[in-house]
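Notes follow the structure.
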Amino acid sequence: MGIRFDSVTVAYDGTVVLDDFDLTVEPGEVMALLGPSGSGKTTALRAVAGFVRPASGRIRLGGRDVTDLPPHRRGIGMVVQSYALFPHMRVEDNVAFGLRARRLPKDEVRERVSEALEMVGMAGHARRHPRELSGGQQQRVAIARALAIRPGVLLLDEPLSALDARLRSGMLGELARLHRELPDVSILYVTHDQHEALTLADRIAVMNRARLRACGTPRELYRAPADEFTASFVGSANLLPVTVGEHTVRFAGTELETGTADAAPGSRATLCVRPHLVGLGDGPNPLTGTLREIQWRGATHRLHVDVDGHRIMADLAELRRPPALGDPVTVHFAPEDAVLLPAGDRDD
């Protein structure tokens, strides 16, 4: 079952929080809505669930217009950040809640609860209460409850934000496994964490200030972002203000070669280079500056180099003898690793 937003606008007390939103989630696809707080991503998800009513536009599930339907008639499973488990109910009763609300036969309820708990690895915890579970286990129960009704669409609203880094990594793997086992379920996944989006999603919709900024596969958005905001929000990026020449661009008084040159000579633009594509020492497109900061990240070092007042980040394999703060250093990058973007406010 796919999801379709047709020019959906949502407003609260005259303030637009989702503006003329168009997006299609294909059947069986994982679509991540990625953006900062207040970007409209949770509002979009709540509109699909039926918890907010669009001021204009339509929402369709599997081609069926559900804009005017109440939540319980949409056939949707949903997992929210707080998990929203009933503390007085055992795990099996939490998972059975939606099934009993649909007045399914007891035998079918029992079968579906067992199936859902088995799917998330919680079959041995059916008789426990939520307070007896870890955060990760509660998360699994919440997912089992959403899956037990066999939804065509699964909505996940910041489902991992309450977990620590290790549990979050494990749950990402579990969600990926579940999607492989349920290939017909469309998943709309709301997050502000770019790592989660890049890891799990088939496509990512980047949102800011109530509007859709870009949509594409993780690889497309990472390697060829459409604008400065997308470049800065999907992964780390060096965004260098340049002036376009005939065959090169000029940055901080230095001529640089780039693999893209779609802008008119003399115009201003932004050159995007990912930090892991910046090398240390001599090479193509060399830039010399002063080392202002160095961060050890276990397997890597991140260098912050000041070049004529502009910070350039370089992610390098762990250096045995890193340069000292204040040292002059030269960094470089290949022309084909640079993407030319329209100049503009990355937050506009």
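Quick note: the coordinates plus some simple rules give every number you see, no bench work behind them. Predicted model only: the values in this text are computed from it and were never measured. Every residue, glycine as well, gets a Cβ built from its backbone with ideal geometry; the counts of neighbours run over all protein chains shown.
Brief remarks on what is shown
- Using distinct alpha-carbon pairs, which all enter the 1/r mean, Kirkwood radius of the stretch 136-209 in Å: 12.9 Å
- In this rough spin-label picture, where each label sits 7 Å from Cα along the Cβ direction, the GLU318-SER7 distance is 5.7 nm.
- Convex hull volume of the stretch 3-228 per residue (C-alpha atoms, cubic angstrom): 127 Å³
- Computed as a quarter of the hull surface, the mean projected area of the alpha carbon convex hull for the stretch 94-218 stands at 8.7 nm².
- Of all DSSP beta bridges confined to the chain, the antiparallel ones make up roughly 75%.
- FRET efficiency, SER236 to ARG64 (Cβ-Cβ, R0 25 Å, nearest 0.05): 0.05
- Distance from the alpha carbon centroid of the stretch 166-212 to that of the stretch 110-163 works out to 17 angstrom.
- In the stretch 243-348, GluC sites (Glu not before Pro) in a DSSP loop with at most 12 other beta-carbon atoms within 10 Å: GLU246, GLU318
- Radius 15 Å from Cβ of HIS129, net charge of other residues (Lys, Arg +1; Asp, Glu -1): +3
- Acute angle (nearest 10 degrees) that the helix 165-181 long axis makes with the longest principal axis of the chain, alpha-carbon atoms: 60 degrees
- Residue-averaged 222 nm ellipticity for the chain, from DSSP H runs of 4+ at -39500 (n - 2.57), nearest 500: -7000 deg cm²/dmol
- Per-pair calculated FRET efficiency, R0 = 22 Å: ARG180 and ARG211 via Cβ, rounded to 0.05: 0.10
- Pairwise label distance in nanometres, ARG311 with ASP327, each label 7 Å out on the Cα-Cβ vector: 2.1 nm
- The angle between the Cα long axis of helix 135-148 and the main principal axis of the chain comes to about 60°, on a 0 to 90 degree scale.
- 0 to 90° range, to nearest 10: angle between helix 91-101 axis and the chain longest Cα axis: 70 degrees
- Proxy reagent accessibility, fewest Cβ within 10 Å first, across TYR12, TYR189, TYR222: TYR12, TYR222, TYR189
- Counted charge near ILE3, where neighbours are those whose Cβ lies closer than 15 Å (Asp, Glu -1; Lys, Arg +1): 0
- Separation in nanometres of the label points that stand 7 Å from Cα toward Cβ, at GLU257 and THR300: 2.6 nm
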